[in-house]
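First the structure, in the form of structure tokens, and then the observations on it.
The values are calculated or read from the model by the stated rules, or taken from the named source; none is laboratory data. Fair warning: this is a prediction, and the values are worked out from it, not measured in the lab. Because the Cβ atoms are built from the backbone with ideal geometry, glycine has one as well, and the counts that use them run over all protein chains shown.
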Amino acid sequence: MSSFFLLSPGRHFLWSPDHGSDIVASISALAERLEVRCGTVSAIGALMYATLGFYDQGAHEYRTIEINRPVEIANLTGNVTIRDGRPFLHAHATLADSKGEVMGGHLIRGTVFAAEVHLRELIGAAPVRSHDPTTDLFLWRDGD
């Protein structure tokens, strides 16, 4: 049976991660510092390098796509929930190169050139990620 969560809007944060930082680790650290247990994230900007993932449903593992050149963040969207007792960012990104060609997938890491992040907190009984044996992923389950 699927889980359903009724949450209310909380605080909003606008933030620019440091040049050269990893955008995924930085957003996760920000959520932890601000004690955001649940929220949504969006971002725009540019990355110097990035790693995207594609989940191979048959093998139950992520395949990585290394991007070793500058790209624009055409879209980054995701959520923050709890995994292993800490805020965990799950984000997907669409990235565009200098020719306008796009790549997308699960954002594993990205080295920030410049970025602007909007973190929106959600208040209530937040979902907690736990292992799902069918997919071998950590999916939302009832938390607090």
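A few points about this structure:
- Residues that are among the polar types (S, T, N, Q) and surrounded by 13 or more Cβ atoms within 10 Å (Cβ to Cβ) were ranked within region 110-144; the one that is modelled with the highest pLDDT is 111.
- Candidates in region 1-50 are the residues that are of a type in the set (Val, Ile, Thr) and closer than 25 Å to residue 85 by Cα; of these, the one that is surrounded by the fewest Cβ atoms within 10 Å (Cβ to Cβ) is 40.
- When region 95-109 is limited to residues that are more than 14 Å from residue 23 (Cβ to Cβ) and in contact with a strand residue (DSSP E or B) (Cβ under 7 Å, 6 or more places away or on another chain), the one that is surrounded by the most Cβ atoms within 10 Å (Cβ to Cβ) turns out to be 105.
- Any hit, region 38-49, residues being more than 17 Å from residue 104 (Cα to Cα), at pLDDT 95 or above, in contact with a strand residue (DSSP E or B) (Cβ under 7 Å, 6 or more places away or on another chain) and of a type outside the set (Ser, Thr, Tyr): yes
- Counting only residues that are under 19 Å from residue 38 (Cβ atoms) and not in a strand (DSSP E or B), region 121-144 holds 7 of them.
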